[in-house]
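The structure appears below as structure tokens.
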Amino acid sequence: MMVGHLGELALSGSAIATSLSSVTGFSLLLGMASGLETLCGRAYGAKRYKKLGIHTYRAILSLIIVCLPISLLWIYMGKLLSLIGQDPLISQEAGKYIAWMVPALFAYGTAQPLMKFLQSQSLTLPMLLSSFTTLCIHIPLCWAMVLKTGLGNVGAALSISISYWINVLILLMYIKYSDSCKATRTALSMEAFKGINEFLRLAVPSAVMMCLEWWSFELLVLLSGLLPNPRLETSVLSICLTSIVVLYTIPYGLGCAASTRVSNELGAGKPNGARLAFLVVISITIVEALVASLALFGLRRVIGYAYSNEDELVRYVREMIPLVSISVIMDACQGVLSGIARGCGWQHIGAYVNLGAFYLVGIPTAVLLGFLFHNGGKGLWIGILSGSVIQTLLLGVITISTNWQHQAVLARNRVDERLSLESCVE
């Protein structure tokens with residue numbers, strides 16, 4: 001929003017950079033960290049409290065290692081964009097923006113495992129207060145660095161990096177000194193290094209599951225740069241995507257809560273509790289999705305002004321909002337169903353579903369409508385929306401037909417197997 005008031009070029013460059021940072025970095029780290037929802041959730045449900053700290057150390061170490069090659073890619077992103085045919089001016093702006101986001105990458109890779117550590121124990125209030133404090137700092141910081149220092153969109157990237165590290169420090173202080181984490185807090189030991197493979201076995205399919213979906217939406221912004229009038233198309237699709245991401249935080253939070261409850265209940269050997277958690281959260285999500293979608297549609301005439309004062313851009317956003325409102329409903333449902341899948345350890349199944357829904361149906365349909373039928377950004381969005389519908393239906397069928405008793409037995413067996421292996425090693 002801040003960068004949008006610097007002009008169309010700054011907004012387009014930041015939009016491309018934001019999409020690329022999500023595709024190549026943040027989505028991968030979040031997906032890998034989501035493997036902890038299964039590992040830590042089951043361990044906590046089975047009352048193996050010390051395992052939570054060990055799993056978290058493994059995740060942080062793994063994610064920091066992954067950040068190293070990604071940071072090199074980001075530093076040279078501007079040149080790479082020019083090589084693949086993007087507008088030279090947009091490529092230059094995007095390259096500057098994403099290069100200054102490198103510190104945020106390492107902060108994100110540290111913060112996500114810490115948040116999963118707290119989430120698996122249902123310690124959500126500290127995360128809420130940490131995020132709220134960071135947001136209160138970030139808004140004036142971003143405003144000052146973008147509009148008052150002369151740094152432009154570079155100021156936006158720096159403000160994000162600073163804010164992410166502030167969030168990390170708050171979380172670390174809470175975990176270190178709070179009595180709530182006394183049972184699960186552990187010191188760093190060689191055990192964390194030895195078991196990285198165990199984390200990766202769940203982290204990799206979890207990352208694939210999340211990235212396949214996330215990348216499909218971000219690909220829309222990159223494809224829009226190849227349409228006629230790329231600055232307008234890129235800016236509008238970026239605004240729509242940003243609106244989706246903002247609203248998706250609600251069902252994603254519900255999905256994380258569902259993942260925690262389901263994994264805790266399965267780890268404790270309580271299949272009825274896991275099934276009840278699913279029924280409650282899906283009911284809440286349907287209501288929330290309808291409210292959010294209707295609210296977005298009702299605000300369709302003013303949303304564009306939050307990002308720009310240019311009439312052409314605002315009109316285009318207004319035309320796109322009905323499609324975005326439908327996407328809000330689909331994303332809300334699949335967000336919760338994906339959380340259930342993570343809680344059950346079905347990341348590999350989710351990866352196959354997302355691959356088929358988005359890359360066999362969604363993206364080809366988007367390219368067909370956007371380029372061959374000359375529907376522009378609307379065609380791209382309709383295509384990806386079709387993928388979301390198929391994804392939601394498939395995940396819904398899989399979850400509804402689940403044998404929760406069998407899942408509870410599997411979860412307990414996996415926890416016991418890990419403990420037996422560790423005892424043999426010792």
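The values are calculated or read from the model by the stated rules, or taken from the named source; none is laboratory data. Treat the numbers as computed from the prediction; the structure is a model and nothing was measured. With ideal geometry, Cβ positions are generated from the backbone for all residues, glycine too; neighbour counts draw on all protein chains shown.
Summary of computed values
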item: Output for segment 105-144, where each listed residue is more than 23 Å from Ser178 (Cα to Cα) and crowded, with 22+ Cβ neighbours inside 10 Å; result: Leu105
item: Matching residues in segment 66-107 - criterion: being modelled with pLDDT under 95, assigned to a helix (DSSP H, G or I) and among the aromatic types (Phe, Trp, Tyr); result: Trp74, Tyr97
item: Residues of segment 205-239 satisfying the condition of being over 17 Å from Val389 (Cα atoms) and either among the acidic types (Asp, Glu) or free of Cβ contacts under 8 Å to residues at least 12 places away in the same chain (or both); result: Glu218, Asn229, Glu233
item: Boolean, Val262 is among the β-branched types (Val, Ile, Thr) and closer than 16 Å to Gly339 by Cα; result: yes
item: Pairs with Cβ under 7 Å, 6+ apart, first in segment 358-380 and on the phi > 0 side of the Ramachandran plot, second buried (at least 16 other Cβ atoms within 10 Å of the Cβ) and of a type in the set (Asp, Glu); result: Gly376/Glu233
item: Filter result for Thr149 (closer than 30 Å to His348 by Cα, part of a loop (DSSP other than H, G, I, E, B) and at pLDDT below 90); result: no
item: Single residue of Gly25, Gly7 found to be within 23 Å of Ser91 (Cα to Cα) and out of contact with any helix residue (DSSP H, G or I) (no Cβ under 8 Å at 6 or more places or on another chain); result: Gly7
item: Thr56, sole failed condition from (1) of a type outside the set (Gly, Ala, Ser); (2) buried (at least 23 other Cβ atoms within 10 Å of the Cβ); (3) under 29 Å from Gln347 (Cα atoms); (4) modelled with pLDDT under 85; result: (4)
item: Close pairs (7 angstrom Cβ cut-off, 6 or more residues apart or separate chains): more than 17 Å from Ser120 (Cβ to Cβ) and in contact (Cβ under 8 Å) with a residue 12 or more places away in the chain in segment 177-193, hydroxyl-bearing (Ser, Thr, Tyr) and surrounded by 17 or more Cβ atoms within 10 Å (Cβ to Cβ) anywhere; result: Leu188/Tyr57
item: Qualifying position, being in contact (Cβ under 8 Å) with a residue 40 or more places away in the chain and either over 22 Å from Glu213 (Cβ atoms) or buried (at least 24 other Cβ atoms within 10 Å of the Cβ) (or both), among Ile64, Ile75, Ile70; result: Ile64
item: Qualifying residue in segment 291-314 (condition: of a type outside the set (A, V, I, L, M, F, W, C), under 18 Å from Thr392 (Cα atoms), in contact with a helix residue (DSSP H, G or I) (Cβ under 8 Å, 6 or more places away or on another chain) and surrounded by 15 or more Cβ atoms within 10 Å (Cβ to Cβ)); result: yes
item: For Thr184: the one exception among (1) outside any helix (DSSP H, G or I); (2) modelled with pLDDT of 90 or more; (3) of a type outside the set (A, V, I, L, M); result: (2)
item: Test: residue in segment 329-340 that is in contact (Cβ under 8 Å) with a residue 40 or more places away in the chain, in a helix (DSSP H, G or I) and over 27 Å from Thr18 (Cα atoms); result: yes
item: Residue in segment 204-223 that is modelled with pLDDT under 85, out of contact with any Leu (no Cβ under 6 Å at 6 or more places or on another chain) and charged (D, E, K, R) present; result: yes
